[in-house]
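Beneath this line is the structure, given in structure tokens, with notes to follow.
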Amino acid sequence: MQRHHFTIDVEEYFHVAAFAPWVLPADWSRWPSRVARSVDRLLALLADHEARATFFVLGWLAQRHPEVVRNIAAAGHEIASHGWDHARVTGQAPVAFRTSVRRTKQLLEALTGSSVLGFRAPSFSIIPGQEWALDVLIEEGYRYDSSLFPVRRRGYGYPNGRREPHWIDRAGGRLLEVPPATARWGGVTIPAGGGAYFRVFPYALFRAAFRDHERRGIPATFYIHPWEIDPEQPRVAVPLLTRLRHYTGLARTEVRLGRLLSEFRFGTIAATVARA
Ligand SMILES: [Zn+2]
């Protein structure tokens, strides 16, 4: 039976890129932390369904909550890197990106005693023209990337990217690219990988996309954030559209996750990389 990838981007509700103009990094430590309890609930949900997952953790968060990282690893899941402070690759100089992915990998490895193989850019921000970031990842010892979202969206997306896991060969070596799941509707590629889409779109769309991946014999890569199962999180005063996107469906996400975990089998991306 096909194993899919269940992935979690481990960050706080106030790290969301759409909140950036209203929540400054200098103020992050003043917002109440909610991540530990949501991660605990995700770990319980995964254990109930005997699923393994990949957790992409922010270095900033790992430094403040090392026990969260240790708990995830102790439960048998994979720890991977989400960069240090949620800066988008599109706004980063290569030297700053290198520092971020190096520092995060070193800290996560020190906390768990295991190699960190994978990276996911905040907001899937490796877009056409930013491929230098893949070279940096190879040079820094990463084995796979999960940042190229093969959809056309404002501010992110890698529209001509392949929809299945594939090797990317660069001058310095190769990297397995593991894109988030997508579906094809009427000749258009649409996101079917998780996040706000999973909270807002009908569940049946995701089931159909996962079954389609199984017919093609490839894993679907699903992603979610701890704050997406936390309806009690402190509210941030942001404009209406941002508010709708962030807060819609929070109360039903945990039930939907249980459904997805019941209907499909999940493993880590590291396991796929080991077989590739
Ligand atoms: Zn993120």
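Close amide-amide hydrogen proximity is noted between Phe266 and His4, Arg52, each under 5 Å apart and 5 or more residues distant or on a separate chain (H modeled in the peptide plane; Pro and chain starts excluded). Between Ser262 and Tyr197, the modelled label-to-label distance comes to 2.4 nm, taking each label 7 Å out from Cα in the direction of the beta carbon. Each Cα pair under 8 Å and six or more residues apart adds its sequence gap; the mean of these over the residue count of the range 3-275 is a relative contact order of 24 percent. What helices does the chain hold that run 18 Å or longer along their axis, going by alpha-carbon atoms, with a Kyte-Doolittle average of -1.0 or more, using DSSP H for the helix calls? Helix filter hits for the chain: 35-48, 94-112, 250-263. By other beta-carbon atoms within 10 Å, ranking His5, His166, His82 with the fewest at the front produces His166, His5, His82. Taking loop as defined by DSSP and a crowding limit of 14 other beta carbons within 10 Å, which trypsin sites (Lys or Arg not before Pro) in the range 176-276 fit? For trypsin sites (Lys or Arg not before Pro) across the range 176-276 that sit outside H, G, I, E and B with at most 14 neighbouring Cβ atoms in 10 Å, the list reads Arg235.
A Förster radius of 30 Å combined with the Cβ-Cβ distance from Asp48 to Ala20 puts the calculated FRET efficiency at roughly 0.30.
With Cα atoms defining each centre, the range 142-156 and the range 170-244 are spaced 11 Å apart in the structure. Amide H contacts for Thr182 (H built 1.01 Å from N in the peptide plane; partners 5 or more residues away or on another chain; cut-off under 5 Å): Ala192.
Would you please classify the overall shape of the range 1-113 from the alpha carbon gyration tensor, given that a ≥ b ≥ c denote the square roots of the eigenvalues, rounded means a/c under 1.5, and beyond that prolate means a/b larger than b/c while oblate covers the rest? Prolate shape, in that a/c is at least 1.5 and a/b is the bigger ratio.
Computed from phi, the 3J(HN,Hα) profile of the range 157-174 under the Karplus parametrisation 6.51, -1.76, 1.60 (θ = phi - 60°) reads x, 10, x, 9, x, 6, 8, 10, x, 7, 7, 10, 9, 10, 4, x, x, 10 Hz, with x in place of Gly and Pro. Calculated [222 nm] ellipticity per residue, helices only, for the chain: -11500 deg cm²/dmol; basis is -39500 (n - 2.57) per DSSP H run with n ≥ 4, divided by all residues, nearest 500. Cβ-Cβ distance of Arg174 and Arg235, R₀ of 41 Å, FRET efficiency by 1/(1 + (r/R0)^6): the value works out to about 0.40. Restricting attention to the range 3-275, close to 30% of DSSP beta bridges with both partner residues there are antiparallel.
Sorting Phe14, Phe149 by the number of Cβ atoms found within 10 Å of their own Cβ, with the fewest placed first, yields Phe14, Phe149. For the chain, taking Cα atoms only, Rg and Dmax work out to 17.3, 48 Å respectively. Does the range 97-251 come out rounded, prolate or oblate by the C-alpha gyration tensor, with a ≥ b ≥ c the root eigenvalues, rounded set by a/c under 1.5 and, if not, prolate when a/b is larger than b/c and oblate if not? Oblate.
Every read-out reported here was derived from the displayed coordinates using simple, explicitly stated rules and does not represent laboratory data. Here the structure is a predicted model, which means the values were calculated and not measured. Cβ sites come from the backbone with ideal geometry, for glycine too, and all protein chains shown count toward neighbours.
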